[in-house]
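Working notes for the structure below.
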Amino acid sequence: MLLVAVFVVAVAGFAVYRLNGIFGSQDVVSTPSGAADEIVPFNPKHVVMEVFGPPGTIATITYTDVDAQPQRVDDATLPWKYDTTTTQPAVFVNVSAQGNSDSLSCRITIDDVVKDERTVNTLNAFTYCLDKSG
C-alpha cells in the first residue's frame, strides 16, 4: 500500500512538471521598456472653492479636498480660497462656512465653470456649496 502511494505521488509530480513545461509557464515575460515611462496626466481639473462676505468677517470653514478628505479652518478671515489641480477622473467637493456677519457666500468652480454658488443673509450666516459631478 505504501509503495502504491509513493508511486502515485511520483507519477503525479512528474505529470505536473511536464505540463508546466508544455504550457510555457516557466518562460520569463519581460515588460516592454516603454512601460516604465512616466504617465502623463490626462484631463486635469482646476478646482477652486471660495467663501466670501463683508470685509472683516471671520468664519469657521469645513470642506472636503480633492482627495475627499475632510478639512477644517478655524477663524478664517474672508475672503478665503482653496485652489488646486487634480487628475482624478471625478471630483466630489463641498464647502460649508459659518461667519460672524449677516451675509456669507460660497462658490465652487471647476475648470472656470461655476458648479454651485450660494449667498445667505441672516444673523451669524451659515452657507454651503456642493458639487458631486466634477
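The values are calculated or read from the model by the stated rules, or taken from the named source; none is laboratory data. No experiment lies behind these values; they were computed from the predicted model shown. Here Cβ is always computed from backbone atoms with ideal geometry, including for glycine, and neighbour counts include all displayed protein chains.
Being hydrophobic (A, V, I, L, M, F, W, C) and loosely packed, with under 13 Cβ neighbours inside 10 Å is the filter here, so list the residues in the stretch 76-105 that pass it.
Passing the criteria: only Ala90.
Here are some conditions: (1) in contact with a strand residue (DSSP E or B) (Cβ under 8 Å, 6 or more places away or on another chain); (2) surrounded by fewer than 18 Cβ atoms within 10 Å (Cβ to Cβ); (3) more than 25 Å from Gly56 (Cα to Cα). Lys132 meets all but one. Which one does it not meet?
Here Lys132 meets the rest and fails (1).
Please identify the pairs in which a residue from the stretch 58-83 that is more than 14 Å from Asn94 (Cα to Cα) and touching a residue at least 12 places away in the same chain (Cβ under 8 Å) has its Cβ atom under 8 Å from the Cβ atom of a residue that is surrounded by 15 or more Cβ atoms within 10 Å (Cβ to Cβ) and among the hydroxyl-bearing types (Ser, Thr, Tyr), counting only partners at least 6 apart or on another chain.
Asp74/Thr60; Asp75/Thr60; Ala76/Thr60; Thr77/Thr57; Leu78/Thr57
In the stretch 111-125, which residue that is within 26 Å of Asn43 (Cβ to Cβ) and in a strand (DSSP E or B) is farthest from the chain's Cα centre (by Cα)?
Selected residue: Glu117.
Of all strands (runs of 3 or more DSSP E) completely enclosed by the stretch 1-110, which ones contain at least 2 residues that are within 30 Å of Asn124 (Cα to Cα), modelled with pLDDT of 90 or more and among the aliphatic types (A, V, I, L, M)?
In the stretch 1-110, 45-52, 58-64, 70-77, 93-99, 103-110 are the strands (runs of 3 or more DSSP E) which contain 2 or more residues that are within 30 Å of Asn124 (Cα to Cα), modelled with pLDDT of 90 or more and among the aliphatic types (A, V, I, L, M).
In the stretch 54-75, how many residues are polar (S, T, N, Q), touching a Ser or Thr at 6+ places or on another chain (Cβ under 8 Å) and either within 25 Å of Ser133 (Cβ to Cβ) or surrounded by fewer than 17 Cβ atoms within 10 Å (Cβ to Cβ) (or both)?
Going residue by residue through the stretch 54-75, those that are polar (S, T, N, Q) are 57, 60, 62, 64, 69, 71.
Then drop every residue that is not touching a Ser or Thr at 6+ places or on another chain (Cβ under 8 Å), which leaves 57, 62, 71.
Then keep just the ones that are either within 25 Å of Ser133 (Cβ to Cβ) or surrounded by fewer than 17 Cβ atoms within 10 Å (Cβ to Cβ) (or both); that gives 62, 71.
The total comes to 2.
Can you tell me which residue is surrounded by the fewest Cβ atoms within 10 Å (Cβ to Cβ) among those in the stretch 111-129 that are under 18 Å from Thr60 (Cβ atoms) and touching a residue at least 24 places away in the same chain (Cβ under 8 Å)?
So, considering only residues that are under 18 Å from Thr60 (Cβ atoms) and touching a residue at least 24 places away in the same chain (Cβ under 8 Å), the one surrounded by the fewest Cβ atoms within 10 Å (Cβ to Cβ) is Asn124.
Run Ile108 past the list (1) surrounded by 17 or more Cβ atoms within 10 Å (Cβ to Cβ); (2) over 30 Å from Phe42 (Cβ atoms); (3) of a type in the set (A, V, I, L, M, F, W, C) and report the number of the one that doesn't hold.
(2)
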